[in-house]
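Rule-based calculations on the coordinates, nothing more; no lab input. All of these numbers come straight from a predicted model, not from anything done at the bench. All Cβ positions, even for glycine, are placed from backbone atoms using ideal geometry, and neighbour counts span all protein chains on display.
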Amino acid sequence: MNYLIAGNWKMNGLKASMREITALQERLVEAPENAEVLICPPVTLLPAMAAKADKIMVGAQDCHAAESGAHTGDVSAEMLHEAGASYVIVGHSERRADHGETNKDVRAKAEAVLRAGMMPIVCVGETREEREAGEAIAIVTEQVKASLPEGDQYVIAYEPVWAIGTGLVPTIDDIAEVHDCIRGLATATTPILYGGSVKPGNAPEILAVTNVNGALVGGARLKADDLYGIISAVK
Ligand code: PGA
């Protein structure tokens with residue numbers, strides 16, 4: 001299975017940031033052949049990035065579950081597809097925490113992404129309190145079961161909430177335990193990404209874990225060199 005390295009720009013990036021895409025694509029000439037690269041910019045940059053994309057794929061960070069309608073400020077999966085997206089992240093912990101998204105909402109969004117002909121990246125992950133209470137596996141199991149769409153067309157991203165943007169990462173054994181658990185709930189070919197403070201320095205050991213099939217990267221996202229440092233860790 002190829003590795004998927006996805007950069008989530010979150011609410012960062014103006015037109016000037018497009019130069020990082022030019023720089024990244026120049027570096028990708030030398031990238032490992034089994035590394036696929038996806039960039040999820042803010043929606044404002046999506047069409048321009050899709051037009052420039054040659055060695056990368058382009059995705060979105062969220063969508064509305066409905067195809068169209070009276071939803072001021074929202075963007076449908078169909079619109080994102082037309083703008084050039086091939087993946088959409090759904091259920092990121094920042095959406096779950098800041099916008100109260102439930103597993104049911106996440107599943108509805110994932111289904112909308114599939115209907116529009118794209119691939120959902122469904123995010124799951126426990127909070128610090130849940131890990132400390134020994135509930136990580138139970139929480140992730142529940143989130144996976146309740147958030148995944150019908151069928152087998154999806155990517156799952158395990159992102160412990162406490163590891164996102166903090167510089168903290170679980171131990172390799174803890175990552176392996178959760179990824180093995182998710183593998184048991186998904187198919188043998190479902191890509192399972194790890195996300196949460198992935199950096200060029202820790203990417204080699206994280207990407208070497210069985211059942212880690214790529215990374216969802218936030219903090220190291222904007223700089224082509226940092227992201228390339230993670231991509232080049234793919235073996
Ligand atoms: P981080 O974010 O790499 O900054 O920890 C990961 C994410 O939110 O997807």
Counting each DSSP H run of 4 or more residues in the chain as -39500 (n - 2.57), what helix-only mean residue ellipticity at 222 nm follows after dividing by all residues, to the nearest 500 deg cm²/dmol?
-10500 deg cm²/dmol
Using alpha carbon centroids, what distance separates segment 88-120 and segment 52-69, in Å?
12 Å
Starting from the Cα gyration tensor of the chain, take the square roots of the eigenvalues, sort them a ≥ b ≥ c, and report rounded, prolate or oblate (rounded when a/c is under 1.5, otherwise prolate if a/b is larger than b/c, else oblate).
oblate
Taking Lys104 as the anchor, which lysines have their alpha carbon closer than 28 Å to its alpha carbon, excluding any fewer than eight residues away along the same chain?
Lys10, Lys145
Assigned charges on the beta-carbon of Lys, Arg, Asp, Glu; the chain dipole about Cα centre (debye)
560 debye
Order these by the 10 Å Cβ neighbour count, fewest first: Ser93, Ser68.
Ser68, Ser93
Within 10 Å, at most 12 other Cβ atoms, and a DSSP state outside H, G, I, E, B define an exposed site. Report the longest part of the chain free of exposed GluC sites (Glu not before Pro).
151-235
If we count every other residue with Cβ under 9 angstrom of Ala138's Cβ, Lys/Arg +1 and Asp/Glu -1, where does the sum land?
-4
Cβ density ranking, 10 Å radius, fewest first, applied to His92, His179 yields His179, His92
Would you look at the GNM of the chain, springs on alpha carbons closer than 10 Å, and say which of Ala51, Ala85, Ala116 moves the most?
Ala51
Amide H contacts of Gly218 (H built 1.01 Å from N, under 5 Å, at least 5 apart or other chain)
Asn8, Gly196, Ser197, Val198
Between Asp74 and residues 5 or more places away or on another chain, which pairs have amide H atoms under 5 Å apart, with H built 1.01 Å from N, and which residues are they?
none
So the label point goes 7 Å from the Cα of Arg128 along Cα→C-beta, right? Which residues of segment 165-203 then have their backbone N under 19 Å from it?
165-172, 174-175, 195-198
To make sure I understand, if each residue's beta carbon is the centre and we count other beta carbons within 10 Å, what order do Arg115, Arg95 fall in, fewest to most?
Arg115, Arg95
Among Ala97, Ala138, Val113 - extreme Cα towards positive end, dipole of the chain, charges at beta-carbon:
Val113
Once both label points are put 7 Å beyond Cα along the C-beta direction, the Thr166-Lys223 separation in nm becomes 2.3 nm
Order of 156-167, 5-16 by packing, highest average Cβ count within 10 Å first?
156-167, 5-16
